[in-house]
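These notes concern the structure reproduced below.
The values are calculated or read from the model by the stated rules, or taken from the named source; none is laboratory data. Bear in mind the structure is a predicted one, so any value in this text is a computation, not a measurement. FYI the Cβ positions are ideal-geometry reconstructions off the backbone, even for glycines, and counts take in every protein chain you see. Surface accessibility is based on the protein's heavy atoms, side chains included, excluding ligands, DNA and RNA. Shrake-Rupley method; radii C 1.70, N 1.55, O 1.52, S 1.80 Å.
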Amino acid sequence: MAGSPRRAAGRRLQLPLLCLLLQGATAILFAVFVRYDPDADAALWHWGNRSSSDNEFYFRYPSFQDVHVMVFVGFGFLMAFLQRYGFSSVAFTFLLAAFALQWATLVQGFFHSMHGGRIHVGVQSMINADFCAAAVLISFGAVLGKTGPVQLLLMALLEVLLFGLNEFVLLSVLGVKDAGGSMTIHTFGAYFGLALSRVLYRPQLEKSRHRQGSVYHSDLFAMIGTIFLWTFWPSFNSAPTMPGDGQHRTSLNTYYSLTASTLSTFALSALVGEHGRLDMVHIQNAALAGGVVVGTSGEMMLTPFGALAAGFLAGTVSTLGFKFFTPVLEAKFKVQDTCGVHNLHGMPGVLGALLGVLVAGLATHEAYGDGLGSVFPLVAGGRRSATAQAVFQLCGLLVTLTFASVGGGLGGLLLRLPFLGPPPDSQCFEDRIYWEVPGEREEEAQGSLGAEETDTRA
Amino acid sequence: MAGSPRRAAGRRLQLPLLCLLLQGATAILFAVFVRYDPDADAALWHWGNRSSSDNEFYFRYPSFQDVHVMVFVGFGFLMAFLQRYGFSSVAFTFLLAAFALQWATLVQGFFHSMHGGRIHVGVQSMINADFCAAAVLISFGAVLGKTGPVQLLLMALLEVLLFGLNEFVLLSVLGVKDAGGSMTIHTFGAYFGLALSRVLYRPQLEKSRHRQGSVYHSDLFAMIGTIFLWTFWPSFNSAPTMPGDGQHRTSLNTYYSLTASTLSTFALSALVGEHGRLDMVHIQNAALAGGVVVGTSGEMMLTPFGALAAGFLAGTVSTLGFKFFTPVLEAKFKVQDTCGVHNLHGMPGVLGALLGVLVAGLATHEAYGDGLGSVFPLVAGGRRSATAQAVFQLCGLLVTLTFASVGGGLGGLLLRLPFLGPPPDSQCFEDRIYWEVPGEREEEAQGSLGAEETDTRA
Amino acid sequence: MAGSPRRAAGRRLQLPLLCLLLQGATAILFAVFVRYDPDADAALWHWGNRSSSDNEFYFRYPSFQDVHVMVFVGFGFLMAFLQRYGFSSVAFTFLLAAFALQWATLVQGFFHSMHGGRIHVGVQSMINADFCAAAVLISFGAVLGKTGPVQLLLMALLEVLLFGLNEFVLLSVLGVKDAGGSMTIHTFGAYFGLALSRVLYRPQLEKSRHRQGSVYHSDLFAMIGTIFLWTFWPSFNSAPTMPGDGQHRTSLNTYYSLTASTLSTFALSALVGEHGRLDMVHIQNAALAGGVVVGTSGEMMLTPFGALAAGFLAGTVSTLGFKFFTPVLEAKFKVQDTCGVHNLHGMPGVLGALLGVLVAGLATHEAYGDGLGSVFPLVAGGRRSATAQAVFQLCGLLVTLTFASVGGGLGGLLLRLPFLGPPPDSQCFEDRIYWEVPGEREEEAQGSLGAEETDTRA
């Protein structure tokens, strides 16, 4: 039997070795496969002799930067609501997403943008990789505080692969539209994370429950995440849509939908709160559901009213989910969902997919004119009726749910490998396991570290 | 007499019902009136057969996003300086602005962009709605901590209406130029809020004075708001100006003006501070006055030197206002101005309007060349002399002051309706009335809640 | 001998007077020399009769805004990690950068953009001025907590001048390429600050050592700075590069390099940490080294793999520097480097310069095609071989190191002028010397102020 010192030494090396291994592997694959796309290549761009303003960069880079902030600032700080897990929330987001960007560039490149055996990268691939990172971070939200960085990197390794495959099946095989990722990002990320959390179910999590809440300032840090996600979400949904009216309309729809989900979240939170008081958890999360719910239909002719109605519904469902369904999810289904990703990404994602089915099914040549070719190329080309498109959209949802839950289950089995050293039940939601934490809490820390050492030595 | 339980139940339902009512009403109006503008409509845009890069979206969307961040992050966190009111500052900003965006889309649409009985929405209307929300948040700053969310939503309902009317009179009737809103946003928002605060004057506010200050970390949260407002203000003033040299020049002028107001704020703050110490309140607020003061003249040929001089003056006036005038405002004029909006938006707004009078009056064909038509179309068209334009600009200021003070007074009367349940004098600047506040302060909370219940039962 | 009251009065007036003097001087110089450039001037732009979308503004303004956020939010909050120096970190960043923007506009204007005796300003000059401010803030990082605002403004006054001169020698005389400023910004700023810190060496700094660390929340504030720097760094490096493929490629390279430096930072931090724990200082700083290291070569055909490799190396060197070299720097070289700028900007900057030497030396017509003229105009024009360009790049590094260390030394002598009132050794890293600090720490403050008064009276 390995004694405590050897195990400790082994665990000490796991994170460095895994980081170096993953970085080495992606670097080699980059050397072999990855090249600048023609809009970013000195020789190829100038050969084309085009005007600078036609470079794809100017159509997408500002939106890309907004998405980039959402992924790193938005998700990172949103998860910093936990009182003693702020370092891990922000910094593991940073680590996971940084790795996911590299790995997703490769995986999505293999599936979507091989040209003569080479992957072409440019602003579009940066956006796509950030989207994939977002899905990983959604899954992270479900297991936040209960998994170490080595486990999380392995989760990302698997999830990015399946994300790319699912995205390929939806967009390239089924011809489904899902620009803002109600299905590919939110539904996939949420159910992957929930399935994974189910496999990692901890019956004794009660031991760490006193740390599973916020303090006053941690809730304000989380609001930094919320508000940046909220303000930049119009860029998220519109970043990959067609230039011109496509990006314009998508950002409008998202903007309106979010205002409605904010109003319904405040309404429902006060309605179900004790003494009519509002709950920060709802405001931080459910108010964002309006962005999720128009992820599929935002680029379509949803109409501004449609956006309001969708956002209102999503905010309502999400708030009620936090209040009534999250406890059931844990008690009955044994799914411990730290951040409530089922409420913010799961249900609104599914609703968004269904809304996409509806709006696609209602598409007419009259409503879209010559723009039909941009939004529904297969319908415009006569290869599919609007109804058929709707059916394919629905298939896309089912495929996504399947990939996510099977994949998340496999991920859970992977993460249960015993040598990965998850935090003990009594040390969940605690930064001190992974971080040199400064003085402030020195004394209490002594106590908790003693407890930790006892636990992990066992 | 209604007993305490029934009143409590009534108050519990007020916020949800008002949110639902307002959302329902705007949704219906959206369904009837609001349509995508041609740059965002699939059929209309493609019918035009224009190049994607000509879409209005690419000229304004990056600036819009900066403005959006200013409204939600900037104003929200700037007001989070209060030690026990951070949740309310950030989240009521969120609620108010989300509602204001919808309502302003309708009100401004009726006044400015009706086409065949329909309101056309696009990136320009998003910017305009955000501007209107900014005015509402300025007024919020004057009454921060002393009004509940139901009162605030009613304030927004009225203020957006009057904002739209005032804006219509200035821009469409009087032909006044005010791109960055020295008058329409800052002067209007400030004096509306101050008049409203006058009507809601609380002689017993002393009872909550111990909460009306900051703590170390809350001042840092407020600096997040300040710095984002400061960095993005060039986008605020330039977002609605003419593409090309107009946006370019406006952003330059604002950039320089802000650097000067920062220097003068530091200088004056140290000069008037005890022992030469700086005061965070000044830095957080007065340093921004340079953005306010070029709100009207920023798009004109103000010259870089003019921008520096204007910013310097605004920072000086604003800092001195915080130090010397805010106490007078309360003691003599019975106006309690929580955030000092008179110093940041009121006086610099009026100064900015007067600067606009001056710079408009000095406009010559020589200085503007063919660009005169963009900045002063009526002058370029020969329908008005530069001097006449200056007189109209001055009228715009007077109209704005009138609308704001009469409107704010009416708003105050509305908010005094007894069933709206404002916080008692002893419970101002306190999150616990509206929020489930996490543990940290559990014990002291018991005490203060007891006090609250006594107060509200009376 | 001047008694304590008179000295106190004198010191009280130093900051206001210096701010007013500097502002007055730059304002006069602006009035005489600074004019809008043709893309921002109403008459000149319209005379050109060009399409709005050709205005330089649309190619650079979104990137400029990202850079602006990096300078004010990024640097400001990154330095707020100190437990009792958050006000000063954020607000002196604000003051220094605001002054530096004005002064750099003039200095860089004199060196680079005089047209008929006038300095033309536009979006490009705003970017350049922000870059210069970034260098000043890097130097600030070296002396953070040990210098007062008057000293810092004098430092900025000198540093901006030398920055402009060094930049002129590199870009205009030597024909060196350095778009993202590995040399001109990072190497220069770091070694200027380190030389200055050497001259200001405090053998008794131990007396303030208890304040030279973070607390839990201050580390989270610092992460706001880190993450915004990280997400916007692609805009930093690409902001001044050629429109089209140049900006596109630079942002891609920076994006990849940063992901790699993040992975290597986590790996190394865990490897060298006690019990394999991660250190927030490394994550906050070294993870950014990937942005610094491609500052010179980012616009070149570095290849995505090259970006990964460079970022990986930079993160490694930077993390090891924090762990092993910073203590040596203080013990052996008597350089006290508060923020570790040697690790984040110094060594990665030098590495970035050397990488530029390498990549420039490898440039071929084949790899760059007609784009060679954009990246290496002298090579494309046949006036220089690629090898010669590499040699000039290396000279650029040596010139920069010379300017920085001599200039920093002179700066240190300037800042040692006795009447500038630096904080006493026992009061370093302490906001209360400069700020009215709110209640939270009232009582302990009494103690520390007593100490301060004793110290400064001596």
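The helices (runs of 4 or more DSSP H) found entirely in the stretch A:25-118 that carry 2 or more residues being modelled with pLDDT of 95 or more and either of a type in the set (Gly, Ala, Ser) or over 17 Å from C:ALA307 (Cα atoms) (or both) are A:56-69, A:75-78, A:86-112. Scanning the stretch C:374-402 for residues being within 15 Å of C:ARG249 (Cβ to Cβ) and either open to solvent by 40 Å² or more (accessible area, probe 1.4 Å) or in a helix (DSSP H, G or I) (or both) gives a total of 2. For the stretch C:290-304, name all the residues that are open to solvent by less than 10 Å² (accessible area, probe 1.4 Å), assigned to a loop (DSSP other than H, G, I, E, B) and more than 20 Å from A:ALA97 (Cβ to Cβ). Result: C:GLY295, C:THR296, C:MET300. Among the residues making up the stretch A:30-55, those that are more than 25 Å from the chain's Cα centre (by Cα) and in contact (Cβ under 8 Å) with a residue 24 or more places away in the chain are A:PHE33, A:ARG35, A:TYR36, A:ASP37, A:PRO38, A:ASP39, A:ALA40. If I filter the stretch C:117-128 for residues that are open to solvent by 10 Å² or more (accessible area, probe 1.4 Å), within 14 Å of chain B (Cβ to nearest Cβ) and among the charged types (D, E, K, R), do I get at least one hit? Within the stretch C:117-128, one or more residues are open to solvent by 10 Å² or more (accessible area, probe 1.4 Å), within 14 Å of chain B (Cβ to nearest Cβ) and among the charged types (D, E, K, R).
Scoring C:GLN108 on the criteria (1) open to solvent by less than 20 Å² (accessible area, probe 1.4 Å); (2) touching a Leu at 6+ places or on another chain (Cβ under 9 Å); (3) closer than 19 Å to B:ALA260 by Cα; (4) not acidic (Asp, Glu) leaves a single failure, condition (2).
Residues of the stretch C:204-246 that are among the hydroxyl-bearing types (Ser, Thr, Tyr) and part of a helix (DSSP H, G or I): C:SER208, C:TYR216, C:SER218, C:THR226, C:THR231, C:SER235, C:SER238.
Residues that are in contact (Cβ under 8 Å) with a residue 12 or more places away in the chain and more than 7 Å from chain A (Cβ to nearest Cβ) within the stretch B:9-21 comprise B:GLY10, B:GLN14, B:LEU18, listed in sequence order.
Filtered by the rule that a residue be farther than 16 Å from B:GLY193 by Cβ and open to solvent by 40 Å² or more (accessible area, probe 1.4 Å), the stretch B:318-334 gives B:LEU320, B:LYS323, B:PHE324, B:PRO327, B:VAL328, B:ALA331, B:LYS332.
From the list C:LEU313, C:LEU344, the lone residue that is at pLDDT 95 or above and either open to solvent by 10 Å² or more (accessible area, probe 1.4 Å) or at positive phi (or both) is C:LEU313.
Within the stretch A:257-281, if we keep just the residues that are in contact with a strand residue (DSSP E or B) (Cβ under 6 Å, 6 or more places away or on another chain) and in a helix (DSSP H, G or I), the residue that is farthest from the other protein chains (Cβ to nearest Cβ) turns out to be A:SER269.
Just one residue in the set B:LEU22, B:LEU13, B:LEU18 is open to solvent by 30 Å² or more (accessible area, probe 1.4 Å) and either more than 19 Å from the chain's Cα centre (by Cα) or of a type in the set (D, E, K, R) (or both); that residue is B:LEU13. Selection of the stretch A:150-190 for residues being open to solvent by 10 Å² or more (accessible area, probe 1.4 Å) and closer than 21 Å to A:TYR85 by Cα yields A:VAL150, A:LEU154. In the stretch A:330-346, the qualifying residues are those that are touching a residue at least 24 places away in the same chain (Cβ under 8 Å) and aliphatic (A, V, I, L, M), and the one that is farthest from A:PHE429 (Cα to Cα) is A:LEU344.
Note on the stretch B:220-259: among residues that are small (Gly, Ala, Ser) and closer than 21 Å to A:THR231 by Cβ, the one that is nearest to the chain's Cα centre (by Cα) is B:GLY225. Within the stretch A:176-186, is there a residue that is touching a Ser or Thr at 6+ places or on another chain (Cβ under 9 Å), touching a residue at least 40 places away in the same chain (Cβ under 8 Å) and closer than 21 Å to A:GLN336 by Cβ? The answer is no, given that none of the residues of the stretch A:176-186 is touching a Ser or Thr at 6+ places or on another chain (Cβ under 9 Å), touching a residue at least 40 places away in the same chain (Cβ under 8 Å) and closer than 21 Å to A:GLN336 by Cβ. Test A:SER405 against the stated conditions and say whether it is open to solvent by 20 Å² or more (accessible area, probe 1.4 Å), at pLDDT below 95 and part of a helix (DSSP H, G or I). No, not satisfied. For the stretch C:200-218, the count of residues that are of a type in the set (Lys, Arg), at pLDDT 95 or above and surrounded by 24 or more Cβ atoms within 10 Å (Cβ to Cβ) is zero.
Sub-9 Å Cβ pairs linking a first residue in the stretch C:292-304 that is without any contact (Cβ under 8 Å) to a residue 40 or more places away in the chain to a second residue that is surrounded by fewer than 24 Cβ atoms within 10 Å (Cβ to Cβ) and not aliphatic (A, V, I, L, M), at least 6 apart or interchain, are C:THR303/A:ARG35, ordered by first then second residue. Of all residues in the stretch B:82-93, those being surrounded by fewer than 24 Cβ atoms within 10 Å (Cβ to Cβ) and within 7 Å of chain A (Cβ to nearest Cβ) number 1. Considering the conditions (1) among the aliphatic types (A, V, I, L, M); (2) in contact (Cβ under 8 Å) with a residue 12 or more places away in the chain; (3) within 7 Å of chain C (Cβ to nearest Cβ), B:LEU229 is excluded by exactly one of them, (3). Step by step: first the residues of the stretch A:62-81, then only those that are more than 15 Å from A:ALA97 (Cα to Cα) and at the interface with chain C (Cβ under 7 Å from one of its Cβ atoms), then the one that is least open to solvent (accessible area, probe 1.4 Å). Which residue is that? Only one residue tops the list, namely A:ALA80. Looking only at residues in the stretch B:27-61 that are polar (S, T, N, Q) and facing another protein chain (nearest Cβ under 7 Å), the one that is surrounded by the most Cβ atoms within 10 Å (Cβ to Cβ) is B:ASN55. From the list B:ALA307, B:ALA314, B:ALA287, the one residue that fits, being more than 10 Å from every other protein chain (Cβ to nearest Cβ) and either over 30 Å from C:TYR58 (Cβ atoms) or assigned to a helix (DSSP H, G or I) (or both), is B:ALA314. For the stretch A:351-362, does any single residue satisfy the condition of being away from every other protein chain (no Cβ under 14 Å), open to solvent by 20 Å² or more (accessible area, probe 1.4 Å) and either within 20 Å of A:SER214 (Cα to Cα) or not hydrophobic (A, V, I, L, M, F, W, C) (or both)? Yes, the stretch A:351-362 contains at least one residue that is away from every other protein chain (no Cβ under 14 Å), open to solvent by 20 Å² or more (accessible area, probe 1.4 Å) and either within 20 Å of A:SER214 (Cα to Cα) or not hydrophobic (A, V, I, L, M, F, W, C) (or both).
Considering the stretch A:355-373 alone, what residues qualify as being out of contact with any Ser or Thr (no Cβ under 9 Å at 6 or more places or on another chain), at negative phi and assigned to a helix (DSSP H, G or I)? A:HIS365, A:GLU366, A:ALA367, A:ASP370, A:GLY371, A:GLY373 - these are the residues of the stretch A:355-373 that are out of contact with any Ser or Thr (no Cβ under 9 Å at 6 or more places or on another chain), at negative phi and assigned to a helix (DSSP H, G or I).
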